[in-house]
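Trainee: Mind looking over this structure? Questions follow.
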Amino acid sequence: MNDHAHLVSGAPPRDDDVVVGVDGSAGSQAATVWAAEAAHRRGAGLRVVHAASMPLVTMPLGHSVRMPPTPEVAERASALLGETVERARQVEPELRVGTELSALDPSHALIAASRHAQLVVVGTRGASGVRSRFTGAVGIRVSAHAECPVAVVPSLPHTPLEVRERRHVIVGTDGSPGSDAALEFAFEEAILTESPLTVVHAWRMPAMFDPVMTGDVAVDLRDTVVSQAEQSVRTQVEQIRPPDADDLPVRITIVEEQPAHALLSAAEEARLIVVGSRGRGGFRGLLLGSVSQALLHHAHVPVVVTRIPRHAADRGPVPPS
């Protein structure tokens, strides 16, 4: 078995699958429920991935291979995967579900699975509040390197459907290609869940202007910035709005605030937050990596980190397993 080896059972994997990483923790159980719902509303299958984290063995001439799962590991994994399949089908009885036992560590197992998936889902905390193997640094690493959007789901009490239907899909934008991808995903999710969409653009006045801005000068400059930002965001929204979203309620919010704080504040009425993996960059890009990381650490609703297609050379190397 080589470093990318895995064992697949059930429905064969397809490129439109939703993938969920599981380890038996409360966090992965919450992720399974969310992923099953997401797969169902997309008309997709669900692929349940468990990572065995088998050790690497150095062979002659320095070549390394990963050990295959032992019978004991395979037996425990089979039981866990079977339980997860049952949980997913309790949520969506007709769901097409397949399972995968990977010899890789959790990050690399999900990054590999993302190459043939439309969405990867992970949980945030394990049993008794302890972070599971699929969370924390794993969630950040997968969000940074996956080749499809990644949803990180908190293990909070399941919100009743009638409450979730009244909540907004929140998306952050700074006009960059990364936020274009986030807005596209947010529109799709808002349509699928029949939810209002709130588009948040956060900005901060450069510090170099603060000492000289007083009275009417400050008010006029801020009014100009807000007006230009609102027009720019409205243009972006209309360019990306799908034809079947003409009747979708869309609210644009322009706030003078740190981007992460603005999105976390908006999350009070959210069912989901969507951000890009990286934004415009420069001095004040909205969707920088630090913003996504802050949301993954502090949001109490699911966070989806999207990405734009790019060449492997631009993606950079995946950290070694």
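Trainee: Compute the length gained on full extension between His63 and Arg222: take 0.36 nm times their separation in residues and subtract their Cα-Cα distance, giving the result in nm to one decimal.
Mentor: Going from the current span to full extension adds 51.2 nm.
Trainee: Taking R0 as 25 Å, what's the FRET efficiency between His297 and Arg115 from their Cβ-Cβ distance, rounded to 0.05?
Mentor: 0.40
Trainee: Taking θ = phi - 60°, what integer Hz values does the Karplus form 6.51 cos²θ - 1.76 cosθ + 1.60 yield along the range 177-191, in sequence order, with x for Gly and Pro?
Mentor: These are the phi-based 3J(HN,Hα) values: x, x, 6, 4, 5, 5, 5, 4, 5, 4, 4, 4, 5, 5, 5 Hz.
Trainee: In sequence order, what are the phi-derived ³J(HN,Hα) couplings for the range 242-252 according to the Karplus relation 6.51 cos²θ - 1.76 cosθ + 1.60 with θ = phi - 60°, rounded to whole Hz, with x for glycine and proline?
Mentor: So the J values, rounded to whole Hz, are x, x, 8, 10, 4, 9, 6, x, 10, 10, 9.
Trainee: So if each residue of separation counts as 0.36 nm, and I subtract the Cα-Cα distance between Glu238 and Glu256, what length gain in nm does that give?
Mentor: Difference between extended and current length: 4.2 nm.
Trainee: Report, by chain and number, residues whose modeled amide H sits under 5 Å from the one on Asp23, excluding near sequence neighbours (fewer than 5 apart, same chain).
Mentor: Amide H to amide H, under 5 Å and 5 or more residues apart or across chains, Asp23 pairs with Ser28.
Each reported figure results from applying straightforward, stated rules to the coordinates on display, with no laboratory input. For clarity, every value in this text was computed on a predicted model and none was experimentally measured. Methodologically, a virtual Cβ is constructed for each residue, glycine included, from the backbone with ideal geometry; neighbour enumeration extends over all protein chains shown.
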